[in-house]
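S.K.: Sharing a structure, written as structure tokens. Questions coming.
The values are calculated or read from the model by the stated rules, or taken from the named source; none is laboratory data. Note that the structure is predicted; figures quoted are calculated from it, not measured. Backbone-built Cβ (ideal geometry, glycine too); neighbour counts: all protein chains shown.
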Amino acid sequence: MRTYRHVMLPTDIAKLVRKTHLMSESEWRNLGIQQSQGWVHYMIHEPERHILLFRRPLPKKPKKGSWQAAFQPQALHSCPYFLTPF
């Protein structure tokens with residue numbers, strides 16, 4: 001299972017996005033996008049190139065009844081969220 005994130009870029013930054021390939025983490029970080037590690041730019045949506053689509057695996061849940069289960073934070077929901085730059 002994965003969780004997804006859509007990042008909406010302002011027009012001036014969207015013009016800097018390469019149209020030839022999916023971006024590596026260093027490329028999207030150089031655009032000023034800040035998010036935790038593990039996110040992968042996985043798809044280009046042609047009609048809305050200013051929206052970058054990211055995904056990452058959901059954290060694995062420990063087995064029920066284990067001591068780790070008591071301290072495990074809730075898993076992220078798989079619905080997308082929209083970030084706006086400052």
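S.K.: I'd like to check something: does the range 10-22 contain any residue that is under 30 Å from LYS61 (Cβ atoms), surrounded by 16 or more Cβ atoms within 10 Å (Cβ to Cβ) and among the aliphatic types (A, V, I, L, M)?
M.R.: Narrowing the range 10-22 to residues under 30 Å from LYS61 (Cβ atoms): 22.
From what's left, surrounded by 16 or more Cβ atoms within 10 Å (Cβ to Cβ): none.
No, the range 10-22 contains no residue that is under 30 Å from LYS61 (Cβ atoms), surrounded by 16 or more Cβ atoms within 10 Å (Cβ to Cβ) and among the aliphatic types (A, V, I, L, M).
S.K.: Within the range 14-22, can one find any residue that is at pLDDT 95 or above and assigned to a loop (DSSP other than H, G, I, E, B)?
M.R.: Within the range 14-22, one or more residues are at pLDDT 95 or above and assigned to a loop (DSSP other than H, G, I, E, B).
S.K.: Out of the range 36-58, which residues are loosely packed, with under 14 Cβ neighbours inside 10 Å and either in contact (Cβ under 8 Å) with a residue 60 or more places away in the chain or in contact with a Ser or Thr (Cβ under 9 Å, 6 or more places away or on another chain) (or both)?
M.R.: Result: PRO57, LEU58.
S.K.: Contact list please: Cβ distance under 7 Å, first residue in the range 1-20 and of a type in the set (D, E, K, R), second residue part of a strand (DSSP E or B), pairs at least six apart or on different chains.
M.R.: Listed pairs, sorted by first residue: ARG2/ARG55; ARG2/ARG56; ARG2/PRO57; ARG5/PHE54.
S.K.: Same structure, new question: Quick one: is ALA75 in a helix (DSSP H, G or I), modelled with pLDDT under 85 and among the aliphatic types (A, V, I, L, M)?
M.R.: no
S.K.: Within the range 24-71, which residues are of a type in the set (Phe, Trp, Tyr), outside any loop (DSSP other than H, G, I, E, B) and modelled with pLDDT of 90 or more?
M.R.: Those that are of a type in the set (Phe, Trp, Tyr), outside any loop (DSSP other than H, G, I, E, B) and modelled with pLDDT of 90 or more: TRP28, TYR42, PHE54.
S.K.: Return only the number of the condition from (1) surrounded by 11 or more Cβ atoms within 10 Å (Cβ to Cβ); (2) modelled with pLDDT under 75; (3) within 23 Å of MET1 (Cβ to Cβ) that PRO85 does not satisfy.
M.R.: Every listed condition holds for PRO85 apart from (3).
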